[in-house]
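Scroll down for the structure; my scribbles are underneath it.
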Amino acid sequence: MLTLKSPNGLAKAVVVLLAANVVFDVLLGAFDVRDLLADETVPYDVDALGPLDWVIASGLSFMVFLATATVFVMWFHRLRRNAEIWAPDLHTRTPGYAVGCWFIPFGNLWIPRSIAVGIWRASRWEPYAADGRGELRLLNGWWACWVVGTLVNWVSGQMYKTAETAGTWVMATRWSLVGYVLDAVAAVLAILVVRRLTSMQHTKATGMIPAAQ
């Protein structure tokens, strides 16, 4: 039997980790800007990993990303289990999908968003009421930035792999910079989504006067 569990502790950890991701996105984006502003007469070594400071920052960023993904999925699953108690018929997928959906190729570009919408509706004061105008704008904005950022990062990665000239390397770096910007924006919006959904569930679970939604 499912029982309500507070997501507050996990939410705080997710917010801290997402903020750390923003810091690394800004830092790595600054490295891209440095490269773009570098003297173009200096030949690019397309086989090199990069300056030591970039390698270190990139490695730390990846570790923070893994930690963030792990804790975020734990938080997401807890919210989905709580949502099952309040409005089980609002969901088309089991709580287990709140974890597994992130590992489904291509499906992870849209399935998590549909689960998040179900969580949002179940967590508000009136689960079966019609969506208010613009109610899902924050959620949709976060998801759009995350998906586009993911695709842009994939494109830049492929361009780096095939870059053979300074021109193609510069183009890949530009795409990479756009990816970092989108990642940072998505992380900021994710923080707002985490805080909002957590607040909605806390409000509902404790019977407090519902916050503005």
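Observations on the structure shown:
- Ellipticity estimate at 222 nm from DSSP helix runs (n ≥ 4, -39,500 (n - 2.57)) divided over the chain, nearest 500: -25000 deg cm²/dmol
- Coil-residue trypsin sites (Lys or Arg not before Pro) of the stretch 112-213, DSSP, other Cβ within 10 Å capped at 16: R133
- By other beta-carbon atoms within 10 Å, ranking I85, I111, I119 with the fewest at the front produces I85, I111, I119.
- Summary of the geometry: the stretch 143-213 and the stretch 11-36, compared by the centres of their Cα atoms, lie 11 Å apart.
- Across the chain, the longest run free of exposed loop sites, meaning chymotrypsin sites (Phe, Trp or Tyr not before Pro) lying outside DSSP classes H, G, I, E and B with no more than 10 other Cβ atoms within 10 Å, spans 1-105.
- At full extension, S114 and A38 could sit 23.0 nm farther apart than now, given 0.36 nm per residue minus the alpha carbon distance.
- Listed residues L138, L17, L52, most fluctuating in the chain (Gaussian network, C-alpha, under 10 Å): L52
- Under the criterion of Cα pairs below 8 Å and six or more residues apart, the relative contact order for the chain equals 33 percent.
- Rounded tilt (10° steps) of 111-123 against the dominant C-alpha axis of the chain: 40
- Modelled spin labels at M63 and H202, positioned 7 Å past Cα toward Cβ, are 3.0 nm from each other.
- Taking a sphere under 15 Å around the Cβ of G29 and counting the other residues whose Cβ falls inside, with K and R at +1 and D and E at -1, yields a net charge of -3.
- At full extension, T150 and T94 could sit 17.6 nm farther apart than now, given 0.36 nm per residue minus the alpha carbon distance.
- Footprinting exposure proxy ranking of I115, I56, fewest other C-beta atoms within 10 angstrom first, gives I56, I115.
- Positive minus negative residues near D131 (Lys, Arg vs Asp, Glu; Cβ under 10 Å): +2
- Three-way shape label, the stretch 61-118, alpha-carbon gyration tensor, a/c 1.5: oblate
- Principal-axis tilt of helix 166-206 within the chain, Cα atoms, nearest 10 degrees: 20
- On Cα atoms only, tilt of 137-162 relative to the major axis of the chain in degrees: 30
- Sparsely packed loop sites in the stretch 75-176 (the GluC sites (Glu not before Pro) outside DSSP H, G, I, E and B with at most 12 other Cβ atoms within 10 Å) comprise E164.
Since every read-out is calculated from the coordinates, none of them should be taken as a lab result. Remember, predicted model here, so these are calculated numbers, not experimental data. All Cβ positions, glycine included, derive from the backbone under ideal geometry; neighbour counts span all protein chains shown.
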